[in-house]
1. Summing Lys, Arg as +1 and Asp, Glu as -1, what charge do residues with Cβ under 10 Å from the Cβ of residue 134 carry, residue 134 excluded?
2. Determine the shape class of the stretch 79-231: with a ≥ b ≥ c the square roots of the Cα gyration tensor eigenvalues, call it rounded for a/c under 1.5, and otherwise prolate if a/b is greater than b/c, oblate otherwise.
3. With labels modelled as points extended 7 Å from the Cα through the Cβ direction, what inter-label distance (nm, one decimal) is found for residue 144 paired with residue 119?
4. Over the stretch 119-173, what lengths in whole Å, largest first, do the semi-axes of the equivalent ellipsoid take, defined as the square roots of 5 times the eigenvalues of the alpha-carbon gyration tensor?
5. Could you work out how much longer the chain between residue 23 and residue 40 gets when fully extended? Use 0.36 nm per residue separation minus the Cα distance between them, nm to one decimal.
6. Could you work out how much longer the chain between residue 209 and residue 192 gets when fully extended? Use 0.36 nm per residue separation minus the Cα distance between them, nm to one decimal.
7. Mind checking the full-extension length gain between residue 165 and residue 85? Use 0.36 nm per residue of separation minus the Cα-Cα distance, one decimal, nm.
8. For the stretch 157-230, state the average projected area of the convex hull of the C-alpha atoms over all orientations, rounded to one decimal in nm².
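Each reported figure results from applying straightforward, stated rules to the coordinates on display, with no laboratory input. Owing to the predicted nature of the structure, the values given are computational and were not obtained by experimental measurement. With ideal geometry, Cβ positions are generated from the backbone for all residues, glycine too; neighbour counts draw on all protein chains shown.
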Amino acid sequence: MAQKKVYAVKRGRTPGLFATWDECKAQVDGFPGAVYKGFASKQEAEAWLFGSKSMDSLFDDEPPKKAPARKKTVPGKVPSAGLSSADYIVYTDGSCLRNPDGPGGYAAVIVETKSGTARELSGGEPSTTNNRMELRAGIEALRSLPHPSVVDFYTDSQYMKNAFTKYWLRNWKRRGWVTATGEPVKNQDLWRALDEEFQRRTVRFHWVKGHAGNRWNERCDELARGEAGKF
């Protein structure tokens with residue numbers, strides 16, 4: 001019996017590890033400059049894809065034993081940025097003070113890995129939802145980056161991350177922008193815009209726990225709340 005392979009996608013629609021060729025093919029078929037490879041074991045695939053450390057271990061700060069007092073963080077050099085194989089590292093967050101239909105804000109911290117320099121962007125709306133602000137943060141962050149480019153994208157929103165990593169978005173489009181229960185997809189306008197930016201770049205999604213001491217996630221939260229408070 002042939003040995004089961006593990007497939008690794010380094011450049012494709014959704015980089016990562018895949019258990020079957022069909023899953024791998026969906027990420028690379030027709031994708032310009034796709035980079036992928038099959039391996040006999042998960043360990044070999046991870047070593048080729050990530051090197052000696054996973055991307056999450058490189059950039060996700062461990063939650064401290066005791067939560068520190070919140071401090072204002074300003075843009076500056078990020079020492080660990082040079083460890084990433086991506087062109088940019090992006091952290092995003094969204095906030096709605098009275099969810100739903102209350103004032104909201106979105107924010108992103110964007111790190112250019114070559115220089116290690118971080119910059120910030122943020123904005124808000126007088127009446128919105130938390131999910132819409134999460135999506136706006138992703139859209140505005142990606143729009144600010146050149147394409148094509150490789151982006152390590154960190155979010156504490158499972159709603160946004162799972163749409164790509166668990167193929168919700170792909171299934172919505174296949175069904176004509178309706179859910180599995182036949183309901184219209186909520187926030188379809190923003191999902192379409194985010195998908196358009198996603199298709200122009202190689203985006204590797206990572207989930208980071210919110211309010212757990214990660215300085216860039218905390219900074220995005222601070223900025224997003226500040227924007228919401230302006231209304």
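1. Working: positive: 132, 136, 161; negative: 93, 156.
Once positives and negatives cancel, what remains is +1.
2. Values: a/c = 1.91, a/b = 1.16, b/c = 1.65.
Taking the square roots of the gyration eigenvalues as a ≥ b ≥ c, the stretch 79-231 is oblate.
3. Here the modelled spin labels are 0.7 nm apart.
4. Working: eigenvalues 73, 63, 20 Å².
Rounded to whole Å, the semi-axes are 19, 18, 10.
5. Numbers: separation 17, 0.36 × 17 = 6.12 nm, distance 1.64 nm.
Extra length available between residue 23 and residue 40 comes to 4.5 nm.
6. Details: separation 17, 0.36 × 17 = 6.12 nm, distance 2.58 nm.
Result: 3.5 nm gained on full extension.
7. On the way: separation 80, 0.36 × 80 = 28.80 nm, distance 1.95 nm.
Extra length from residue 165 to residue 85 when fully extended: 26.9 nm.
8. Working: hull surface 25.7 nm².
Computing the convex hull of the Cα atoms and averaging its projections yields 6.4 nm².
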